[in-house]
1. What nm distance separates the two modelled labels at residue A:88 and residue B:56, each placed 7 Å from Cα along Cα→Cβ?
2. Partner chain Cβ atoms within 10 Å, averaged over the residues of B:98-110 - can you pull that number for me?
3. Take each of the peptides B:22-30, B:85-93, B:39-47, average the number of other beta-carbon atoms within 10 Å over its residues, and list them starting from the highest.
4. Within 10 Å of each Cβ in A:95-106, how many Cβ atoms from other chains are there, averaged over the peptide?
5. In peptide B:46-52, how many Cβ atoms from other protein chains are near each Cβ within 10 Å, on average?
6. Going by C-beta contacts inside 10 Å, put B:2, B:9, A:45, A:114 in order with the fewest on the left.
7. Taking every DSSP beta bridge with both residues inside chain A, roughly what % is antiparallel (nearest 5)?
8. What ranking do B:7, B:49, A:4 get, fewest neighbouring Cβ atoms within 10 angstrom at the top?
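Every read-out reported here was derived from the displayed coordinates using simple, explicitly stated rules and does not represent laboratory data. It should be emphasised that the depicted structure is a prediction, and the values quoted were computed from it without experimental measurement. Here Cβ is always computed from backbone atoms with ideal geometry, including for glycine, and neighbour counts include all displayed protein chains.
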């Protein structure tokens, strides 16, 4: 079955950087659009970024554009999110998600990794 | 913008429940599909898909869950609530980037 496991979260100071990873199994990773979403404490879900199969396309939420960078390594079945210039507003649980074959919705999610930005 | 009402709901097991999701723009695409989805997030878990394209139940979702609506107004209904249905229900649109979610509706079982 599909399994997505995030890692790399933790405590980071404002202005700092962090890289999140997501390791996938149970499906042909290279065939699917993959995404990062986040959920701030007590808040709703926010789509952060996505990357197409073959890395042809990427997209970012306005709130992270220019600071975050998404990438993938299909050989390692891994998805990454490089996060720079972090602020307290970036504090959240970050989820890795697989999109459906048509790229219309999130069909599988990881358990999430917590990022806390605090001095 | 997706606006859900109510933001919280307390339901007795066996009773029905209904959640509204209103979009500021039509979610119907020229391809004929309407890109509106419903997710349930149980405590300590990631969201999982209940309904896709307004009214189609995802694999394994019980038939007590149903979705309806068109254009800008949508509804998720639970015909007879069970204890395992507790959690936060969120609608999501993928008609336009960025994909956005409603604020979420917290359903509590009495």
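1. 4.4 nm
2. Numbers: counts 10, 12, 5, 6, 2, 3, 4, 0, 0, 0, 0, 0, 0.
Mean inter-chain Cβ contacts per residue within 10 Å come to 3.
3. Numbers: B:22-30: 14.6, B:85-93: 22.2, B:39-47: 16.8.
The most tightly packed comes first, giving B:85-93, B:39-47, B:22-30.
4. Across the residues of A:95-106, the mean count of other-chain Cβ atoms within 10 Å is 4.
5. Working: counts 15, 7, 4, 6, 0, 0, 4.
Per residue, the average neighbour count from other chains is 5.
6. The most exposed by this proxy come first: A:114, B:9, B:2, A:45.
7. Details: 38 of 41 bridges.
That works out to approximately 95 percent antiparallel.
8. Listed from fewest to most nearby Cβ atoms, that is B:7, B:49, A:4.
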